[in-house]
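A quick write-up on the structure given underneath.
We did not get these values from a lab; they are worked out from the coordinates using the rules stated. Source: prediction; values computed, not measured. Note: ideal-geometry Cβ built from the backbone for every residue, glycine included; neighbour counts use all protein chains shown.
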Amino acid sequence: MANNKETATFIVEHIGGQENVDSLVHCATRLRFKLRDTSKVDEKALKDHPGVLTAVESGGQYQVVIGNHVAKVYQEIMDQYNIQAGESSDADEEKSAEEIKQSVRSKNPIAIVFEYISGTFSPLIPALAGSGMIKALLAVLTMAGWLSEESSTYAVLDAASNGLFYFFPVFIGISAAKFLKVNPYVGGVIGAGLLEPTFASLMDASQSLDFMGIPLIISDYTQTVFPMLVAMAFYAPIERFFKKYSPDTIQLFFVPMMGILIMVPLTALIFGPFSQYLSQAIANGLVALLDLSSILTGIVFASVWPFLVVLGVHWGITPIQLDNLARGGDPLNAMAAGATFAQMGIAFGIFLRYRKNKDLSSLSLAGTVSGIVAGVTEPILYGFILRYRRLIPILIVSGAAGGGLVGFFGAEMYSYAFNSVLTIPAYGPIPQYVFSIAVSFVVGTILTFIFGLGKEADASTTTEATNATTSESKEEAEAEQEASDKEELVEGTQIKIQSPLSGELVPLTEVEDEVFSSGAMGKGAAILPTDGTLVAPFDSKISSFFPSKHAIGLTDENGIELLIHIGMDTVQLNGEHFSSSVAEGQEVKQGDTLVNFDVEAIQQAGYSVVSPIIVTNTDSFKQVASEKSRHVEPNDTIITVVK
């Protein structure tokens, strides 16, 4: 085996040289290079070197897998070469501009947009669901006569339910900035600037407005999404530019000052007015479409309504609706109900299909109730539909079905209301309107139940369903599997490695990471965890513990070197959603808690939680055999090592 210094020199020479490296970081087992030109890499030579387990290009990085002593090789490279350290794995630093560019190049534009929207809204989902449920509760209390809309109690609770929606630009600014790895509080300040009372009061100004001679059109930014999403996409490179070129002595105030100074006027001058112009164009198109065919209008309007909400241009339709009401009745709001009830149906379909998944079922049930009772569907739209893109065609089809029926029956809204079950009396003719929205709901429910959310959601539900099996049937299944499926072991002293996690045991070959699935790191197994508690699988010493807490190395008295890697590429989380009170060098007993992690938050951040458990010194033993796929708990054997 080559020493660390020789390995470091060899890697840099065959990676294309120092000049080909933009930056370098390391995780628990591998060096992660940001390269200028990957065609300069001599991959065969790297893989053949005795100090390298394998090499692979993945996620915009070139990864050279070293093993447990990766930190020493990394340090040798940094000592010998003038290579910039990249994104730190143990601090919440910013992504480099080059990393963003590489990530963008590797995906199509639609995927980038949806990933950005989903990544922005995922952290806000609990707040959206909670606010929606308060709105639903208020609707029930007032309908039952237990609470008056004129009371101060109602005012306080209404403020509690409306706070998130009213100040949406602030929350979008913070969340989008965090996703883009720029200062989230500056993002929040940019959003707050658009809601500031002095600025908002300009909407009532009778004279024409301008900003430094440029005509200024003031929009109502409360509850809007699109302007801030675009604004933060522009702000991220601006912050990076000023950080790169401004002196360190003034960065603390200069960078945020310039960001706010540029983005608030830019948003007010361009992004807000764009929404107004777009909504006016859409409104004019709808008027022309209504004159042509009410059925076609219903189909089109209900199909696009949720996306108008995302863009923040749906308020541009309100003047037309009010004008229609003044003349007797408005068909547009009734048509939009097709989309609204389609979203409720989608949420209910998720609840029915994933009712054994506590996270999906609770959020989908909350979305269904808040939609049905209060007409609040934001938790469904942002929490599910924009996150799971396979739901978008279902939303369009089910919404169009109800909207087209509303147009066919000529149903209208006779007093202004949000679409919910409690506001049905505001529409007419009631039987035809109820039939139309029921079709949207039922179609959305059925299609969602049939097609689901995707493999990962289905896998997590299967795992939780397995958890619900009685202990008796579990023991019987395990006994049968042990008798028929267990890999035949060679002669020798057997050492049992217990599961460190509760979850579904899967073959290492099915892990979506070539480094693990190929066996380059060693033999072992992987677990799709159902909860976020990692325990010691045997009495051992913590030989390595990565600062981001996503990976831990253990060594026992038999010399087994075990690596447990929580999730895929979770080093990028920089320790977020992970916590631990143990330290490297500490002796631990089997069953001791090593790491706690938030499974749902990690998944919402876009990372797989499949966790490999690897015997990294496999070659030191006669055999390393893993158990077959099944549900496991701590104390269940998952790997047998034969000395």
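Which one, 194, 562, 298, projects farthest toward the positive side of the charge dipole computed for the chain from Cβ point charges (K/R +1, D/E -1)? Comparing the listed Cα positions along the dipole, 298 ranks first.
So if we plug the beta-carbon distance of residue 352 and residue 415 into 1/(1 + (r/R0)^6) with R0 = 25 Å, what FRET efficiency do we get, rounded to 0.05?
So the FRET efficiency works out to roughly 0.15.
In plain terms, the residue of 69, 14, 565 with the fewest other Cβ atoms within 10 Å comes first and the most crowded comes last, giving 69, 14, 565. Within region 1-36, whose backbone N sits under 20 Å from a point 7 Å along Cα→Cβ of residue 44? Within reach of a label on residue 44: 10-17.
First select every other residue whose beta carbon is under 11 angstrom from the beta carbon of residue 590; then total the charges, Lys and Arg +1, Asp and Glu -1. Counting the neighbours of residue 590, the net charge comes to -1. Pairs from the list 178/244; 47/243; 44/181; 47/244; 358/589; 34/549 with a Cα-Cα gap above 27 Å: 47/243; 44/181; 47/244; 358/589. Ordering 573, 532, 516 by the projection of their Cα atoms onto the charge dipole of region 466-642, which places +1 on the Cβ of Lys and Arg and -1 on the Cβ of Asp and Glu, puts 573 at the extreme positive end.
Descending by average beta-carbon neighbour count within 10 Å, the peptides 251-264, 368-381 line up as 368-381, 251-264, the highest first.
Where only DSSP H runs of four or more residues are counted, the chain gives -15500 deg cm²/dmol as its mean residue ellipticity at 222 nm, each run worth -39500 (n - 2.57). The local environment of residue 125, defined by Cβ-Cβ distances under 11 Å, has a net charge of -2 under the rule Lys, Arg +1 and Asp, Glu -1.
Mean sequence separation of contacting Cα pairs (under 8 Å, at least six apart), scaled by the length of region 466-642, corresponds to a relative contact order of 34 percent. Length gained on full extension, residue 115 to residue 583, computed as 0.36 nm times the residue gap minus the Cα-Cα distance: 165.0 nm.
Contact order for the chain, expressed relative to its length and based on alpha carbon pairs under 8 Å spaced 6+ residues apart, stands at 12 percent. Applying the criteria of a DSSP loop state and at most 16 other Cβ atoms within 10 Å to the trypsin sites (Lys or Arg not before Pro) of region 356-435 yields 356, 389, 390.
By the beta-carbon count within 10 Å of each Cβ, the least crowded to most crowded order of 600, 587, 514, fewest first, is 587, 514, 600. Here the Karplus curve 6.51 cos²θ - 1.76 cosθ + 1.60, taken at θ = phi - 60°, turns the phi angles of region 492-507 into couplings of x, 6, 9, 10, 8, 10, 8, 5, x, 9, 8, x, 9, 6, 10, x Hz, with x standing for Gly and Pro.
Placing +1 on the Cβ of every Lys and Arg and -1 on the Cβ of every Asp and Glu, with nothing else charged, gives the chain a dipole about its Cα centre of roughly 1320 debye. For region 577-590, the Karplus equation 6.51 cos²θ - 1.76 cosθ + 1.60, evaluated at θ = phi - 60°, returns couplings of 6, 10, 8, 6, 10, 9, 9, 4, x, 7, 7, 10, 9, 4 Hz by residue, with Gly and Pro reported as x.
Take the Cα of residue 241, step 7 Å toward its Cβ, do the same at residue 149, and the gap between the two points is 4.8 nm.
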